[in-house]
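Here's the structure, in structure tokens; my notes come after.
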Amino acid sequence: MIILFIGAQASGKGTQAKIIAGKKGFVHISTGDLLRAATGELKKEIDSYITKGKLVPDELILELLKERIKQPDCKKGVILDGYPRNLQQAEELEKIEKIGKIFEIWVSDETAKKRLMGRWNCKKCGVAYNIVTAPRPKKDKICDGCNIPLYQREDDINEEAIEKRLAIYHEETEPILKKYKDKVIRNNG
């Protein structure tokens, strides 16, 4: 079974997806994490899209996702965070596995912008902190667990890139919620 968590960037969908996955024994798959884990030439290709505020091509993400869903730990269930981003991806996903439920995590664009610009990440352990919301690091911009400096993703500090990402979300991702409205559970982030 596949459960989708859909919401604008920084809505909290990743945080909520991790909590539910842990409680239910499902695997949490963030396409963002899959993309960031890529290496070599694939990483360069992916970064060429992300740093400009553009989306990585569907074929590339679907291939990474297919490989991940085949892993034995995904047999009980999967929670997807950040995929599908459009109706075509949703249709391609259903060829692999049926969509069970969709949790929409809603926030305003203004809230999303503030949260994105306040987000700081640890390169070593992957924990995300936020100086606007929780969790905040105990030491200013230092990872609590690894004790190394945190960094901000380029696409989180570029306001023009953020606005492009939000516009794409409204134009391309929100129609999924309309098509699958009988499977949608809405929550304010």
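The values are calculated or read from the model by the stated rules, or taken from the named source; none is laboratory data. Predicted model, so just to flag it, every value in this text is computed and none were measured. Here Cβ is always computed from backbone atoms with ideal geometry, including for glycine, and neighbour counts include all displayed protein chains.
Check the range 135-146 and report whether any residue there is modelled with pLDDT of 95 or more and in contact with a Lys or Arg (Cβ under 6 Å, 6 or more places away or on another chain). Yes: one or more hits.
Report yes if some residue within the range 173-189 is polar (S, T, N, Q), farther than 20 Å from Leu35 by Cα and free of Cβ contacts under 8 Å to residues at least 60 places away in the same chain; otherwise report no. Taking every residue of the range 173-189 in turn, none turns out to be polar (S, T, N, Q), farther than 20 Å from Leu35 by Cα and free of Cβ contacts under 8 Å to residues at least 60 places away in the same chain. Screening the candidates Lys114, Lys178 for the property of being outside any loop (DSSP other than H, G, I, E, B) and under 20 Å from Leu80 (Cβ atoms) yields one hit, Lys178.
Of the residues that make up the range 64-72, is at least one in contact with a strand residue (DSSP E or B) (Cβ under 7 Å, 6 or more places away or on another chain), modelled with pLDDT under 85 and either crowded, with 19+ Cβ neighbours inside 10 Å or more than 16 Å from Arg153 (Cα to Cα) (or both)? No. How many residues does the range 30-68 hold that are in contact (Cβ under 8 Å) with a residue 60 or more places away in the chain and under 27 Å from Lys98 (Cβ atoms)? Here the count works out to 2. Quick check, is Pro57 at pLDDT 85 or above, loosely packed, with under 14 Cβ neighbours inside 10 Å and either touching a helix residue (DSSP H, G or I) at 6+ places or on another chain (Cβ under 8 Å) or under 23 Å from Ile168 (Cβ atoms) (or both)? Criteria met by Pro57.
If you take the residues in the range 127-166 that are acidic (Asp, Glu) and more than 16 Å from the chain's Cα centre (by Cα), which one is surrounded by the most Cβ atoms within 10 Å (Cβ to Cβ)? Per the stated criteria, the residue is Asp144. Close contacts from the range 126-148, counting a first residue that is in contact (Cβ under 8 Å) with a residue 40 or more places away in the chain and a second that is aliphatic (A, V, I, L, M), with Cβ to Cβ under 8 Å and a gap of 6+ residues or different chains, come to none at all. Annotation for the range 83-92: at least one member residue is under 20 Å from His170 (Cα atoms) and loosely packed, with under 15 Cβ neighbours inside 10 Å.
Given the criteria under 22 Å from Glu163 (Cβ atoms) and among the acidic types (Asp, Glu), does Asp47 qualify? It is true that Asp47 is under 22 Å from Glu163 (Cβ atoms) and among the acidic types (Asp, Glu).
Taking the condition touching a residue at least 24 places away in the same chain (Cβ under 8 Å), closer than 14 Å to Gly82 by Cβ and out of contact with any strand residue (DSSP E or B) (no Cβ under 8 Å at 6 or more places or on another chain), does Gln16 pass? Here the answer is no, as Gln16 does not meet what is asked.
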